[in-house]
Amino acid sequence: MNFSVTFNNNVLTIEQKETGPASKIWSKHLDDIKPRSTESLPFIVDKENQFQLFLWQPVNQYILLVYSKKTNIKYALLSFKTACSRLIKIYNDTLDVAIDKNILNIKWYGAIVNYCNIKISDIQLCIGKTLSFPLEIPVFSKSLKDEDMERSDCIQNIQFYINDFIQKGGPINAGFYISMNIQDRQLKFPVKVNMRNNEKIEYQYVPLCSTYFADHAIHLRRNNYGNLVLTCRKMEEIEYTRWFRFWENPFISKILYQLGQRFKNNSSTKISLFYEKFASKAEEGSFDIFQKLREKGKKHIYFIIDKNSPDYDKIKHIPGVIRKYSARYYWLLYRANNYISTEMPFHLNVLRSNNRFFRQTVADNDLIFLQHGVTYLKCHDKNSPLVAGREGAPAYIVVGSEKEKQAVEKYMKVQDNQVLKTGLPIFSKISYKHMTQDSDDIAVIMLTWKPYEESLEDFRESTYYQYTVQIYELLTRLLPPEKVIIVAHPKIESLMEGTPLANSIWKKPISEVLSIAKLLITDYSSVCYNSFYQGGGVVFFQEDLEFYEKANGKLIPADQEYIGKRTYSLEELQQVLQEGIQNQRILLPYFRTPEYEERYLAINEYTDGKNIDRICEELEHLNIIS
């Protein structure tokens with residue numbers, strides 16, 4: 001039984017030729033073939049040749065594929081990567097990782113099943129765009145059995161020098177992937193680290209191994225999708241100290257972790273830790289809740305703050321205030337049952353900490369997430385650690401409206417009884433609509449740092465930096481430069497200080513700049529709700545909207561729910577700014593209409609300044625604080 005497959009003049013034709021004059025012909029025009037779907041045809045192939053490739057035809061951005069699987073013939077119009085996945089299978093798992101001084105050792109299992117003998121060459125292990133190593137992965141023609149998983153030729157022992165990565169200026173987070181040429185096109189597959197049978201899913205993000213080398217903190221971890229990532233960052237000042245090295249030593253940390261677990265499991269006393277951004281502030285409302293509960297006689301609660309914080313000297317005398325990195329801090333870190341904060345628990349220690357036991361205890365404990373900004377803009381679905389089942393998933397989350405409540409239930413997958421509708425604490429700290437047309441004409445640029453740009457070796461190539469420069473140039477044509485302020489994201493603030501924008505970067509607390517922002521320009525940041533609450537106007541610049549949503553998920557607000565004008569190009573933004581800024585004056589009625597105010601109050605309902613009181617009542621009612 002023979003088959004003839006042709007594709008001419010956008011018509012796919014398949015002919016089955018049988019012995020004698022009989023034959024069966026099927027045809028279909030390209031316009032009638034649905035992209036990304038697979039259809040079976042009424043042809044039967046010999047059982048001895050169950051997997052065959054009859055046609056591989058590039059068509060625009062797709063591959064037109066005709067192949068047999070088992071006894072059926074199938075056709076499909078697929079992306080290149082999906083088409084490859086139909087014809088090959090890659091076995092991929094990291095078995096072990098270890099760091100010995102400057103050498104990273106990876107024991108990796110890998111094999112390729114090439115069902116149809118398509119062209120595969122140039123196989124490499126890559127670490128971001130920085131390093132690559134040739135691999136010899138065995139290729140089979142049939143699916144592997146369980147016993148094949150232990151074949152020695154499938155196990156690769158890979159070594160590389162960390163110094164090579166540092167010297168080449170690799171990014172902070174570099175993913176590992178296998179690169180290969182398939183049908184003369186490069187394709188990448190992430191290197192997997194599958195969870196072992198005895199591992200808790202919450203430990204997925206815990207460092208697998210770590211070290212300090214050449215002024216860098218380095219560790220290997222998984223990402224949200226279980227792929228292997230190398231984290232390599234400059235060491236923080238505290239990490240050079242003997243004190244920090246002693247308490248963060250793996251042996252000491254393990255003892256503290258085990259003792260903390262034992263006390264938590266055998267004591268009815270619940271310990272709660274309060275903190276704010278980087279555990280170095282007392283301005284977002286977490287401290288105010290802690291203080292109010294202390295005044296009510298609650299003793300088993302503590303507020304963590306760095307001694308270098310401007311707020312430390314103001315509050316260090318208050319009972320329960322604990323200095324970050326002190327001996328008592330380390331005990332409470334592992335003994336605590338709850339974290340109550342406007343930030344993720346990672347802020348309790350060095351960000352991107354090497355300490356696996358700290359990361360484990362974070363995953364073990366409950367987070368009562370007070371939020372520092374309204375969750376009604378960015379999607380917390382694809383990449384957020386706050387989604388149920390991930391490391392930062394909250395036990396309870398505070399919201400400010402029914403709309404926001406529905407959004408966090410939908411996107412973070414939390415249950416109705418985990419959502420506390422009290423209003424966010426930050427809005428008890430600021431005055432409602434205190435800015436007017438007579439306020440100083442300050443414009444603030446505050447864009448969102450995108451996680452997918454962390455792998456760029458030069459941050460000036462990022463849209464974050466390029467858009468900031470372009471918006472700054474537009475504003476300084478309409479306002480004096482001293483009235484245009486840039487709020488840099490903490491992750492790249494130090495890098496921004498080495499650019500021509502350095503003099504315009506805000507160095508004080510973010511809460512202070514938002515209190516004077518008569519006009520805020522942002523893209524996807526929830527600070528828009530904070531600024532609007534205080535009476536400012538908001539403009540959204542979303543030129544990369546399609547790409548951003550593809551990477552992070554669709555934004556939450558519907559078109560008719562935005563609280564400011566949306567612009568999708570620099571030309572549109574320029575027009576809006578020219579209309580709304582006249583004679584170096586920001587015209588608030590232009591940026592802040594009655595319709596925008598109505599939309600805002602549907603998203604953030606509480607303006608009475610009593611959010612902190614309501615949060616305290618809920619914490620006591622739920623017996624989180626006793």
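Annotation: the antiparallel percentage among DSSP beta bridges lying fully within the chain is about 70. Ligands, DNA and RNA left out, the 1.4 Å accessible surface of segment 391-438 is 42% carbon and sulfur atoms.
In the calculated pair-distance distribution of segment 316-358, the portion above 18 angstrom amounts to 29 percent of the Cα-Cα pairs.
Based on the Cα gyration tensor of segment 244-377, what are the three equivalent ellipsoid semi-axes, each the root of five times an eigenvalue, rounded to whole Å and given largest first?
Square roots of five times the eigenvalues give 22, 17, 16 Å.
Where does the charge balance sit around Cys209 when Lys and Arg score +1, Asp and Glu -1, over other residues with C-beta under 13 Å from its C-beta? Residues close to Cys209 contribute a combined charge of +4. The mean accessible area for residues of the chain, using a 1.4 Å probe and ignoring ligands and nucleic acids, is 46 Å² per residue.
The relative contact order of the chain comes to 9 percent, based on Cα pairs under 8 Å that sit 6 or more residues apart.
Phi angles of segment 521-536 translate, via the Karplus equation with coefficients 6.51, -1.76, 1.60 and θ = phi - 60°, into HN-Hα couplings of 10, 9, 10, 9, 8, 6, 4, 4, 6, 5, 5, 5, 3, 8, x, x Hz per residue; Gly and Pro are given as x. The candidate values are [x] 178; [y] 190; [z] 416; the one derived from this structure for volume of the Cα convex hull per residue in Å³ carries the label [y]. Note on the chain: helix-only mean residue ellipticity at 222 nm, from DSSP H runs of 4+ residues weighted -39500 (n - 2.57) and normalised by residue number, equals -6500 deg cm²/dmol. Using the Cβ-Cβ distance between Glu402 and Glu617 with R0 set to 22 Å, the FRET efficiency from 1/(1 + (r/R0)^6) comes to roughly 0.70. Here is the size of segment 1-141 from its Cα atoms: Rg then Dmax, 19.9, 74 Å. With 22 Å as the limit, the listed pairs Lys450/Lys610; Lys314/Lys508; Lys405/Lys550; Lys403/Lys450 have Lys450/Lys610; Lys405/Lys550; Lys403/Lys450 beyond it between alpha carbons. In the chain, the sites counted are GluC sites (Glu not before Pro) in DSSP loop states with at most 10 other Cβ atoms within 10 Å, and the longest stretch holding none of them, exclusive of the sites, is 137-626. Each listed q (0.10, 0.13, 0.16 Å⁻¹) maps to a log10 I(q)/I(0) for segment 484-626, found by the Debye formula over equal Cα scatterers with no solvent: -0.45, -0.73, -1.04. Overall, the anisotropy analysis places segment 421-510 in the oblate class: the square-rooted eigenvalues a ≥ b ≥ c of its C-alpha gyration tensor yield a/c not less than 1.5, with a/b not exceeding b/c. Computed on the Cα trace of segment 116-201, the radius of gyration divided by the Kirkwood hydrodynamic radius gives Rg/Rh = 1.01. Please identify the chymotrypsin sites (Phe, Trp or Tyr not before Pro) of segment 317-349 that satisfy two criteria: DSSP loop assignment and at most 11 other Cβ atoms within 10 Å. Which are they? Hits after loop and neighbour filter: nothing returned.
First compute the accessible area of segment 169-258 with a 1.4 Å probe, then give the percent of it belonging to carbon and sulfur atoms. The computed percentage sits at 53.
The values are calculated or read from the model by the stated rules, or taken from the named source; none is laboratory data. If you're wondering where the values come from, they're calculated on a predicted model, not measured in any experiment. Please note: Cβ atoms are built from the backbone with ideal geometry, for glycine as well, and neighbour counts cover all protein chains shown. Each accessible area value is taken on the protein alone, full model and side chains, heavy atoms only, with ligands, DNA and RNA left out. Shrake-Rupley method; radii C 1.70, N 1.55, O 1.52, S 1.80 Å.
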